[in-house]
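The next block holds one structure in the form of structure tokens; read it before the comments.
Every number in this text was worked out from the coordinates using simple rules, so none of it is lab data. These numbers come from a predicted model, not from an experiment. Here the Cβ positions follow ideal geometry from the backbone for every residue, glycine too, while neighbour counts run over all protein chains shown.
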Amino acid sequence: MAEKIVQVAENFWNIRGSFRIGGVVDIGTQASLVRLASGNFLLLDSYAMSETLLEQINVILGDAGEIEAILNLHPFHTIHVERMHELFPEALLYGTQRHLDRFPELPWEEVRSEDQELHEWYSDDLEFTIPRGVDFISANENVHFASVLAYHRASGTIHVDDTLMYIRLPRLLSLVGLRDRVGFHPTLAMALEKREGAAAEFREWAAEFTEAWGDVENLCAAHSGTLLAETNGGASLGDRIRKAGGRCELVLRKHQRRYG
């Protein structure tokens, strides 16, 4: 997957990068650069940028801009963390508890990416939400469902790792009625907490955030790509996300029958 920077809006850039499973299949990854109202910049997630991408970032930053912080939002997205810190050593470094546990030698801030305190600090520019009813850091290292979702309301852009996916199907499949799709990560069944009420909590969370962020126009998803308003040929993104929540019902009902 080719590295590139996508300007989503005036103050929001999505950095598309390469991530190969087993060194073979490239499923891609991402980070995003946000210009804050203060004039400083924020990086959402980490990516080991090439010199070419770094030069483009420096052009965006200009002479006066600086990256004040890096927010690592997915507990299991850790491969590029060290390199991102090397590239921007002056930026405050935030991570989930799993980031702190895996890289205790890095100069992490005490407040974690999942903490409400951090979300309030950046509330003038970003809104955050974390799925309820699921394990945020699963004991199963193959379950990567939960993350901190970030919404840049000024540009109508959601930055999300794994929790929400955008599946871009080959154009040929549209001839048989198959279209691109926004959906929740397929590990939901494994991510749901094995207790009474977990399915109901997830359903309530999905309904709340799709209502609160219903005016969303752009989606930047880690391993699948971007769905932008200018290229969206289907239903509105808000409607797509609501339908994605509805498609979770089979999994949620099955969980409720077993756990309550």
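Inverting the mean 1/r over all pairs of different Cα atoms, compute the Kirkwood radius of the chain and quote it in Å. Hydrodynamic radius (Kirkwood, Cα only) of the chain equals 19.0 Å.
Take the alpha carbon atoms of region 47-112, find their center, do the same for region 191-255, and report the distance between the two centers in whole angstrom. Centre-to-centre (Cα) distance: 27 Å. Near Phe41, once Lys and Arg are set to +1 and Asp and Glu to -1 for all other residues with Cβ below 11 Å from its Cβ, the sum equals -2.
Taking Lys and Arg as +1 and Asp and Glu as -1, the other residues whose beta-carbon sits under 12 Å from that of Ala199 total +3. Residue by residue, region 83-90 carries 3J(HN,Hα) couplings of 5, 4, 5, 5, 5, 10, x, 7 Hz when phi is fed to the Karplus relation 6.51 cos²θ - 1.76 cosθ + 1.60 (θ = phi - 60°); x denotes Gly or Pro. For the chain, a crude dipole built from +1 on the beta carbon of Lys and Arg and -1 on the beta carbon of Asp and Glu, taken about the Cα centre, is about 1800 debye to the nearest 20.
Under the classification rounded if a/c is under 1.5, otherwise prolate if a/b is larger than b/c and oblate if not, where does region 1-144 fall, given a ≥ b ≥ c as square roots of the Cα gyration tensor eigenvalues?
oblate
Listed by chain and number, the lysines placed with their C-alpha closer than 16 angstrom to that of Lys254 are Lys194; residues fewer than eight positions away on the same chain are left out. Within a Cβ distance under 10 Å of Ala146, other residues only, what is the Lys/Arg minus Asp/Glu net charge? Once positives and negatives cancel, what remains is -3.
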